[in-house]
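Below is one structure, written out as structure tokens; the observations come after it.
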Amino acid sequence: MGNHLYLNSILDWTIPDQFDPGHPPFLGFLLAISWKILGHKLWVAHLLMVPFTIGVFYQLFKFISYFIEDQKNQILAFLLIITDPTLSTQFVIVNPEVIIVFFFFLAINGILFNHKTTKFIGLLFLSIVSFRSMMLFGGLFLFDAFNKHFIEKKKLKIILNLKFLLFYLLSCLPGFVFVCWRLLTKGWLQTHPDSPWVGLWAFADLKTFLKNCFF
């Protein structure tokens with residue numbers, strides 16, 4: 001998607017069907033801008049990921065500090081998490097996952113530390129990076145409400161007030177606009193009869209379902 005935007009228009013998010021996965025081309029958009037400025041090189045793509053990787057480190061350490069007071073244990077917990085292959089492998093490839101993780105921790109730290117600006121920024125970008133980040137947006141909405149209810153002992157009627165709901169409605173606007181625009185222009189979100197990934201959207205049989213659950 002980044003190459004398509006670079007070679008055509010960085011503002012035209014209508015991706016050709018033959019390689020359109022349905023997700024917003026957020027990373028592709030950033031890549032296209034970076035390539036326009038610094039050149040169409042692989043190192044530029046990796047350079048783009050550096051700020052987000054540093055951001056993940058900082059926000060993750062901040063998240064850990066919320067639960068662990070001892071500085072030595074904070075460092076040990078941080079090292080334990082970032083050495084997990086599921087996460088650490090993302091730091092050396094060009095992919096939207098690092099971007100998603102950064103904005104996720106930015107938003108969740110905003111919730112935990114009651115920083116509304118960082119919470120809003122994190123949620124705003126989660127709503128537009130990809131469909132996976134949109135799901136995290138929904139998860140954070142539930143976490144925020146349940147955290148206030150079970151930890152802060154507030155009643156749900158008080159939590160789900162107009163101000164709370166409006167905050168989330170405003171922060172999800174980029175994703176809402178993208179989904180509406182996409183349905184109006186293409187008529188589908190992630191799959192269509194001619195999609196190269198259409199076979200992956202079939203229902204799994206019971207054996208495959210249980211196998212997936214096991215793994």
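The values are calculated or read from the model by the stated rules, or taken from the named source; none is laboratory data. Since the structure is predicted, the reported quantities are computational estimates derived from the model, not experimental observations. Heads up, the Cβs are rebuilt from the backbone with ideal geometry, glycines too, and the neighbour counts pull from every protein chain shown. Areas reflect the complete protein model, heavy atoms only, side chains present, ligands, DNA and RNA absent. Shrake-Rupley method; radii C 1.70, N 1.55, O 1.52, S 1.80 Å.
Key figures
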| read-out | value |
| --- | --- |
| Helices (runs of 4 or more DSSP H) within the range 125-195 that include 1 or more residues closer than 21 Å to I15 by Cα | 131-146, 173-185 |
| Looking only at the range 15-38, and only at residues there that are assigned to a loop (DSSP other than H, G, I, E, B) and open to solvent by 20 Å² or more (accessible area, probe 1.4 Å), the one that is nearest to V98 (Cα to Cα) | H23 |
| Failed criterion for L87 (all others in (1) open to solvent by less than 70 Å² (accessible area, probe 1.4 Å); (2) free of Cβ contacts under 8 Å to residues at least 12 places away in the same chain hold) | (2) |
| Selection count, the range 145-193, where residues are free of Cβ contacts under 8 Å to residues at least 40 places away in the same chain, of a type in the set (G, A, S) and either in contact with a Gly (Cβ under 6 Å, 6 or more places away or on another chain) or within 22 Å of F29 (Cβ to Cβ) (or both) | 0 |
| Filtered residue count, the range 35-68, keeping only those that are more than 16 Å from I93 (Cα to Cα), β-branched (V, I, T) and in contact with a helix residue (DSSP H, G or I) (Cβ under 6 Å, 6 or more places away or on another chain) | 2 |
| The range 95-117, subset crowded, with 17+ Cβ neighbours inside 10 Å and among the β-branched types (V, I, T), residue farthest from L47 (Cα to Cα) | I111 |
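To keep it simple, each residue is scored yes or no on (1) within 22 Å of the chain's Cα centre (by Cα); (2) on the phi < 0 side of the Ramachandran plot; (3) acidic (D, E).
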{"position": "I15", "(1), (2), (3)": "yes, yes, no"}
{"position": "A32", "(1), (2), (3)": "yes, yes, no"}
{"position": "K36", "(1), (2), (3)": "no, yes, no"}
{"position": "G39", "(1), (2), (3)": "no, no, no"}
